[in-house]
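The values are calculated or read from the model by the stated rules, or taken from the named source; none is laboratory data. Treat the numbers as computed from the prediction; the structure is a model and nothing was measured. Positions of Cβ are backbone-derived with ideal geometry, glycine not excepted, and every protein chain shown enters the neighbour counts. When the accessible area is computed, the model is the full protein with side chains, heavy atoms only, and any ligands, DNA or RNA have been set aside. Shrake-Rupley method; radii C 1.70, N 1.55, O 1.52, S 1.80 Å.
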Amino acid sequence: MTEQSSNQMWGGRFAAGPDAIMEAINASIGFDKRMAAQDIAGSRAHAAMLAATGVITDSDAEAIREGLLTVLSEIERGEFQFSTALEDIHMNVEARLKEIIGEPAGRLHTGRSRNDQVATDFKLWVRDQLDAAESGLLALIRALLAQAEAGADWVMPGFTHLQTAQPVTWGHHMMAYVEMFGRDLSRVRDARARMNECPLGAAALAGTSFPIDRHMTAQALGFDRPAANSLDAVSDRDFALEFLSVASICAVHLSRFAEELVIWSSAQFRFVTLSDRFSTGSSIMPQKKNPDAAELIRAKVGRIFGANTALMMVMKGLPLAYSKDMQEDKEQVFDAADNWMLALAAMEGMVKDMTANRDSLAAAAGSGFSTATDLADWLVRVLGLPFRDAHHVTGSLVAMAEKKGCDLPDLTLEDMQSVHAGITQDVYSVLGVDNSVNSRQSYGGTAPDQVRAQIARWKEMLP
């Protein structure tokens, strides 16, 4: 086959034949250059350990250290020339190091492989993202606590099936999200603790015959310990999968809250007003104020879920130890991390800036027969009716109020006694929405005292 026909077979996308295509599919520098700081940190720790164990000389280690700092400085200043021909961040750094310091650069790779090197770099990068996620979650939780504290006794409707169910307080609703994001925070911390084992020194898959000190490099890089099995160390991507799983669960919570903000900020609800910083206008309808930030947060779940599924599919059938398939582990994680951090920051900003419309919340709280359960509870507590009978009586009274076009508190005592003769004037003490929320004193309930107790508990727990 001629070179010309070969090029036609591979298509016009490539200037050359199979060599160009192999270079394109094999190279990862286009995305793994994001791990440059982690790669250089790992190499510096490895070089220091090689000198400490006598594998390389102190002078070579010093040259390597200084050279790596120069490379990092060039990258940070945007002066570094990345090469696709050198495939990845590891080879790009090593090649430039050799240009700077010469022969000592060739000794840096003693006692390690690109397999344990990339696993270490990637772990360090993911660990940094978990730390960023922790900071983002803490900021969001604090913003929610501020909203809860401001409206601990503001009444609003609580919903099931998006239908009015029972009155709750604004503070109680905000604290529900504190609990949800609090679980995300716990998962982030748990994932970080579990992943904090260092692969460096596992080499290609079997360890190395050089007298390296893996505990030294693990400590230098902030890991708790070295990974205990060299095969597992280079083939493990559980830490990336767990990162994406944690991100996915948190993204669900962000999306649920975003959906509520979209609904609440609509003209039909007017529960909240979002700031101009997190809203946009319409190109044709001047009255519109669109909750675009909330909608975009809601959409980003798809990208994070997609990344989670994609990496599971990459890993699902791989034999031990390293396979080139695992080069496909990073782009999904990078994209998911970017979108997760952005969504956390945007949600925190919206929560800090939004204004809850107390009057609209209160007006809606009393609609839709929201105190029907309070009436049923009164019938049980005061008249001694079995709950199923009380439920039936209450349903009849709701039907009567609906027919009259009024709410339960607007029914006369005579109306109520026509359904059950034992009802007394005392029933009206439980039918107001404020009375309803104040009565919910069980632990974790919506009563303002309970809400404030939970706010205090969280404030005490937060760093």
Looking at (1) closer than 30 Å to Ala139 by Cβ; (2) more than 41 Å from the chain's Cα centre (by Cα), can you tell me which one Ala453 breaks?
(2)
Kindly indicate the residue of the range 19-43 that is β-branched (Val, Ile, Thr) and surrounded by 14 or more Cβ atoms within 10 Å (Cβ to Cβ) and also nearest to Ala220 (Cα to Cα) among those meeting that condition.
Ile40
Return yes or no: is Asp116 in a helix (DSSP H, G or I), within 30 Å of Ala247 (Cβ to Cβ), open to solvent by 20 Å² or more (accessible area, probe 1.4 Å) and not small (Gly, Ala, Ser)?
no
Matching option when the condition is out of contact with any Pro (no Cβ under 7 Å at 6 or more places or on another chain), buried (at least 16 other Cβ atoms within 10 Å of the Cβ), of a type in the set (Asp, Glu) and part of a helix (DSSP H, G or I), among Glu402, Glu348
Glu348
Failed item, numbered, when Thr373 is tested on (1) over 14 Å from Val430 (Cβ atoms); (2) in a helix (DSSP H, G or I)
(1)
Pairs, first assigned by the TED database to the domain that holds Thr373 and more than 13 Å from Ala372 (Cβ to Cβ) in the range 399-423, second of a type in the set (Phe, Trp, Tyr) and open to solvent by less than 50 Å² (accessible area, probe 1.4 Å), C-beta under 9 Å, six or more apart:
Ile423/Trp378
Just to be sure before I move on: is Thr110 part of a loop (DSSP other than H, G, I, E, B) and either of a type outside the set (A, V, I, L, M, F, W, C) or surrounded by fewer than 17 Cβ atoms within 10 Å (Cβ to Cβ) (or both) in the structure I sent?
yes
Failed condition for Ala356, given (1) of a type in the set (A, V, I, L, M); (2) in contact (Cβ under 8 Å) with a residue 24 or more places away in the chain; (3) in the same structural domain as Val427 (by the TED database):
(3)
Selected residue [under 29 Å from His172 (Cα atoms) and either at pLDDT 90 or above or in a loop (DSSP other than H, G, I, E, B) (or both)] from Gly422, Gly445
Gly445
Residue within the range 294-301 that is open to solvent by 20 Å² or more (accessible area, probe 1.4 Å), over 14 Å from the mean Cα position of the chain (by Cα), within 26 Å of Gln147 (Cβ to Cβ) and not β-branched (Val, Ile, Thr) present:
yes
Of a type outside the set (Lys, Arg) and either open to solvent by 10 Å² or more (accessible area, probe 1.4 Å) or out of contact with any Cys (no Cβ under 9 Å at 6 or more places or on another chain) (or both), is that true of Leu86?
yes
All but one of (1) at pLDDT below 95; (2) polar (S, T, N, Q); (3) part of a helix (DSSP H, G or I) hold for Gln219; which doesn't?
(1)
